Amino acid sequence: MPAIVVVGAQWGDEGKGKATDVLGADVDYVVRYNGGNNAGHTIVIGEEKYALHLLPSGILTPTVVPVIGNGVVIDLSVMFSEIDLLESRGVDTSKLIISANAHVIAPYHRTIDKVSERFLGKAKIGTTGRGIGPTYADKMNRLGVRVQDLFDEKILRQKIEGSLDQKNNLLVKVFNRRAITVDEVAEELLTYVDRLRPYVRDTALLLNNALDEGRTMVLEGGQATLLDVDHGTYPFVTSSNPTAGGACTGSGVPPTRIDRVVAVVKAYTTRVGSGPFPTELLDADGERLRRDGGEFGTTTGRPRRCGWYDAVVARFAARINGTTDFVLTKLDVLTGWERIPVCVAYDVDGVRHDEMPMTQTDFHHAKPVYEYFPGWDEDITGAKTLEDLPKNAQAYVTALEEMSGAPMSAIGVGPGRDQTIEVRSLLPG
Ligand code: GDP
Ligand code: IMO
Ligand code: MG
């Protein structure tokens, strides 16, 4: 009955989609448990490249049942476009299951996301503008619209009205926008009802029954540990819990049924949007990492901020998620550097910190303390085992493993499905 959580260890875009896809062949269910179409998970299969935003990465494996859990926020228009696009490329999406409790992103959530960012000016979060934050805010305020509400028009209208009451005041009086009517929102959402109905189930019941029957599942996170609203670099975070605990609340699979927590970590670090990033490189080295790693956002196309591996962040991710294994990705991108710096601790105003500082102020002041590792020039994109890697690449992986608090059980040497070195199996048992 194994349930495996796949979580991002840094600020997102570590390669969770690829890691989930690689596990996909061996599991029965893949469940997205948080976030929405702020995520962009890229999967490369042969010559084909797929960018998934809302649909679980398991959708590309014909034997997998893909599930959108209750913790996800769904933009129905985006979801159906994604389904249509995949179908047009020959991917069967008919097995998809959607939680009745997942919240729906309404047009006003997108509007508020964008205008509130504009109002924040220099202090903006740099959100993806997809309405994620305002939808989760409504959920917490008990003003949200859930998938199940679409099946009862009277209730749907009541819920929209409740949510719009406050928002129209905000939109008109503060943001100088026009008011949104209940009718226009209800009409838009109701266009999806017939198409949506066959997908919707009590997913917590379904997943627990599946585990009882000995089925296996991956719980796939969007975003990452340092973007977690509780544990990340608040307020420069997303509005959900991408960390392993969020996999339980966002799916209804309880902690006692999780067997393994796999944290995906890049061999260097990237971040999109605002917020502190101690190892960020604002020079030609950062440019080089961005170019070699193709570090441009899957969702917004924004250039990703790039920097060196941060072992303090990795240790934090190991601790917060109860990480049993790391998947180290994009090692191939580091080929060609004479020496590779790794941040092992921070200097905060003259004081050494081996762990994440307690306060945001200290984290903003954190300067990386680097150790340097010799690089390699050999092409590693065809490596199948650890022994195929040059000695310096092996030493780099071993050093990261020793610093980061969990074994590096798989190593990515390219975007392709087969470009993964499996050091030890990620499947329990
Ligand atoms: P996610 O959001 O965590 O799923 O990651 P993204 O898909 O946003 O970004 C990761 C990018 O790196 C994608 O373009 C992947 O195809 C690519 N990728 C994943 N693993 C590797 C790897 O080991 N090497 C290389 N070169 N690319 C990789
Ligand atoms: P995947 O799943 C990287 C970032 C945004 C912004 C902050 C808040 O592909 O790793 P939001 O729209 O969520 O309110 O934006 O979070 N962000 C991501 N960064 N990868 C992601 O997803 C992200 N999802 C959100 O850039 O800084
Ligand atoms: Mg991504």
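The values are calculated or read from the model by the stated rules, or taken from the named source; none is laboratory data. None of these values were measured; they are calculated from a predicted model. Positions of Cβ are backbone-derived with ideal geometry, glycine not excepted, and every protein chain shown enters the neighbour counts. Note: areas computed on protein heavy atoms with side chains; ligands, DNA, RNA excluded. Shrake-Rupley method; radii C 1.70, N 1.55, O 1.52, S 1.80 Å.
Hand me the trypsin sites (Lys or Arg not before Pro) from the stretch 51-138 located in a DSSP loop with no more than 13 other Cβ atoms within 10 Å, in residue order please. Don't jump to the answer; show the numbers that get you there.
Details: sites: Arg89, Lys95, Arg110, Lys114, Arg118, Lys122, Lys124, Arg130; in loops: Arg89, Lys95, Lys124, Arg130.
Within the stretch 51-138, the qualifying trypsin sites (Lys or Arg not before Pro) (loop, at most 13 other Cβ atoms within 10 Å) are Arg89.
Could you tell me how far the Cα centroid of the stretch 82-147 sits from the Cα centroid of the stretch 340-374, in Å?
Centre-to-centre distance over Cα atoms comes out at 35 Å.
What does the charge dipole of the chain about its Cα centre add up to, to the nearest 20 debye, if the Cβ of each Lys and Arg holds +1 and the Cβ of each Asp and Glu holds -1?
Values: 46 positive and 57 negative charges, 256 e Å.
For the chain, the charge dipole is close to 1220 debye.
So for the chain, considering every pair of alpha-carbon atoms, how many percent are separated by more than 39 Å?
On the way: 17006 of 91806 pairs.
Tail of the P(r) past 39 Å holds 19 percent of the pairs.
Can you tell me the accessible area per residue over the chain, all protein chains present, probe 1.4 angstrom, in square angstrom? Don't skip to the answer; put the middle values down first.
Details: 17530 Å² over 429 residues.
Using a 1.4 Å probe on heavy atoms only, each residue of the chain averages 41 Å².
Given the stretch 151-203, what whole percent of its Cα pairs are spread farther than 16 Å? Before the final figure, lay out each step's value.
On the way: 702 of 1378 pairs.
In whole percent, the share of Cα-Cα pairs in the stretch 151-203 beyond 16 Å is 51.
Before anything else, pin down the relative contact order of the chain: Cα pairs under 8 Å, at least 6 apart, normalised by residue count, whole percent.
On the way: 971 pairs, mean separation 85.8, N = 429.
Computed value for the chain: 20 percent relative contact order.
Defining a contact as two alpha carbons under 8 Å apart and six or more residues distant in sequence, what relative contact order in percent does the stretch 140-264 show? Before the final figure, lay out the partial values.
Values: 93 pairs, mean separation 19.2, N = 125.
After rounding, I find 15 percent.
Give me the number: length gained by fully extending Asp349 to Lys391, i.e. 0.36 nm times residue separation minus the C-alpha to C-alpha distance, one decimal in nm. Each step should come with its number before you reach the end.
Values: separation 42, 0.36 × 42 = 15.12 nm, distance 3.66 nm.
That pair, Asp349 and Lys391, stretches by 11.5 nm at full extension.
Taking 37 °C and 0.692 mPa s as the conditions, I'd like the Stokes-Einstein D for the stretch 103-196 in µm²/s, using the Kirkwood hydrodynamic radius from alpha carbon pairs.
Values: Rh = 13.7 Å.
D = 240 µm²/s.
Can you list the HN-Hα couplings for the stretch 140-151, worked out from phi with the Karplus curve (6.51, -1.76, 1.60; θ = phi - 60°), rounded to whole Hz and with x for Gly and Pro?
The phi angles translate into 5, 7, 6, 10, x, 10, 9, 3, 5, 5, 5, 8 Hz.
Using 0.36 nm per residue, how much length does the chain from Phe119 to Asp377 gain when fully extended, once their Cα-Cα distance is taken away?
On the way: separation 258, 0.36 × 258 = 92.88 nm, distance 4.76 nm.
So the chain would gain 88.1 nm between Phe119 and Asp377.
Counting Lys +1, Arg +1, Asp -1, Glu -1, what net charge surrounds Val265 among other residues with beta carbon under 12 Å of its beta carbon?
Numbers: positive: Lys16, Lys266, Arg315, Lys330; negative: Asp13, Glu14, Asp310, Asp325, Glu401.
Taking every Cβ under 12 Å from that of Val265, the sum is -1.
Which order do the peptides 281-290, 14-23 come out in when sorted by mean C-beta neighbours inside 10 angstrom, highest first? Could the numbers behind the result be given before it?
Details: 281-290: 15.1, 14-23: 26.9.
Listed from highest to lowest mean packing, they are 14-23, 281-290.
Asp362: accessible area at probe 1.4 Å, nearest 10 Å²?
Accessible surface of Asp362 is approximately 50 Å².
As I understand it, the dipole of the chain uses +1 on the Cβ of Lys and Arg and -1 on the Cβ of Asp and Glu, about the Cα centre. Which of Phe175, Thr299, Phe119 lies farthest toward its positive end?
Value computed over the given set: Phe175.
Please list, in order, the residues from the stretch 198-242 whose amide nitrogen is less than 17 Å from a point placed 7 Å along the Cα→Cβ vector of Arg257.
Inside the label zone: 201-221.
How large is ³J(HN,Hα) for each residue in the stretch 186-202, as worked out from phi by the Karplus curve 6.51 cos²θ - 1.76 cosθ + 1.60 (θ = phi - 60°), to whole Hz, x for Gly and Pro?
3J(HN,Hα) across the stretch 186-202, in whole Hz: 4, 4, 4, 5, 5, 5, 8, 4, 5, 6, 6, 3, x, 7, 8, 9, 7.
Can you list residues from other chains, or at least 5 along the same chain, whose modelled amide H is less than 5 Å from the amide H of Val30?
Val65, Val67, Val218
Going by average Cβ density within 10 Å per residue, which order do the peptides 35-43, 338-346 take, highest to lowest? All intermediate terms of the calculation are to be shown ahead of the outcome.
Working: 35-43: 25.4, 338-346: 18.2.
Ranked from most to least packed, the peptides come out as 35-43, 338-346.
Give me the net charge for the shell around Thr181: Cβ to Cβ below 15 angstrom, other residues only, Lys and Arg +1, Asp and Glu -1.
On the way: positive: Arg157, Lys159, Lys167, Arg177, Arg178; negative: Glu161, Asp165, Asp183, Glu184, Glu187, Glu188.
Net local charge, Thr181 excluded: -1.
Pairs Lys266/Lys391; Lys49/Lys391; Lys266/Lys367; Lys16/Lys139; Lys124/Lys266; Lys18/Lys367: which exceed 29 Å Cα-Cα?
Exceeds cut-off: Lys49/Lys391; Lys18/Lys367.
Given R₀ = 30 Å, what would the calculated FRET efficiency be for Phe151 paired with Ser81, taking r from the Cβ atoms and rounding to 0.05?
Details: r = 22 Å, r/R0 = 0.73.
Using R0 = 30 Å, I get an efficiency of 0.85.
For the stretch 56-80 and the stretch 163-191, compute the distance between their C-alpha centroids and round to whole Å.
Measuring centre to centre over Cα atoms gives 28 Å.
Where the accessible area of the stretch 150-261 is counted over protein heavy atoms with a 1.4 Å probe, how much of it, in %, is carbon and sulfur?
Numbers: 2640 of 5430 Å².
Percent of accessible area from carbon and sulfur atoms in the stretch 150-261: 49.
What is the angle, in °, between the Cα long axis of helix 311-321 and the longest principal axis of the Cα atoms in the chain? Nearest 10 is fine, range 0 to 90.
Helix 311-321 sits at roughly 50 degrees to that axis.
Between Gly15, Val91, Val229, whose Cα lies farthest towards the positive end of the dipole of the chain when Lys and Arg beta carbons carry +1 and Asp and Glu beta carbons carry -1, centred on the Cα centre?
Result: Val229, furthest along the dipole toward the positive end.
In what order, largest first, do Thr298, Thr243 sit by accessible area if the probe radius is 1.4 Å? Intermediate results must be reported in sequence, preceding the final value.
Numbers: Thr298 45, Thr243 10 Å².
Largest accessible area first, the residues go Thr298, Thr243.
So how much accessible area does Trp337 have, in Å² to the nearest 10, using a 1.4 Å probe?
For Trp337, the solvent-accessible surface is approximately 20 Å².
Taking θ = phi - 60°, what integer Hz values does the Karplus form 6.51 cos²θ - 1.76 cosθ + 1.60 yield along the stretch 114-124, in sequence order, with x for Gly and Pro?
5, 5, 6, 4, 4, 5, 6, x, 5, 8, 4
How much of the accessible area of the stretch 362-427, probe 1.4 Å, is carbon plus sulfur, in whole percent? Please report the intermediate quantities before stating the final value.
Working: 1700 of 3290 Å².
In the stretch 362-427, the share of accessible area belonging to carbon and sulfur is 52 percent.
In whole angstrom, note down how far apart the Cα centers of the stretch 256-317 and the stretch 7-35 are.
Here the two parts' Cα centres lie 16 Å apart.
Amide H neighbours of Tyr309 under 5 Å, at least 5 residues apart or on other chains, H built in the peptide plane: list them.
Thr269, Cys343
Count charges around Gly162 for me, please; just the other residues with Cβ under 14 Å from its Cβ, Lys/Arg as +1, Asp/Glu as -1. All intermediate terms of the calculation are to be shown ahead of the outcome.
Working: positive: Lys139, Arg142, Arg146, Lys154, Arg157, Lys159, Lys167; negative: Asp138, Asp149, Glu161, Asp165.
Local net charge: +3.
For the stretch 142-207, state which trypsin sites (Lys or Arg not before Pro) are in a DSSP loop and have at most 11 other beta carbons lying within 10 Å of their beta carbon. Mind showing how you got there, number by number?
Working: sites: Arg142, Arg146, Lys154, Arg157, Lys159, Lys167, Lys173, Arg177, Arg178, Arg195, Arg201; in loops: Arg142, Arg177, Arg178.
Listed in order of number, the matching sites are Arg142, Arg178.
Can you give me the angle between helix 153-169 and the longest principal axis of the chain, using Cα atoms only, in degrees from 0 to 90, rounded to the nearest 10?
70 degrees
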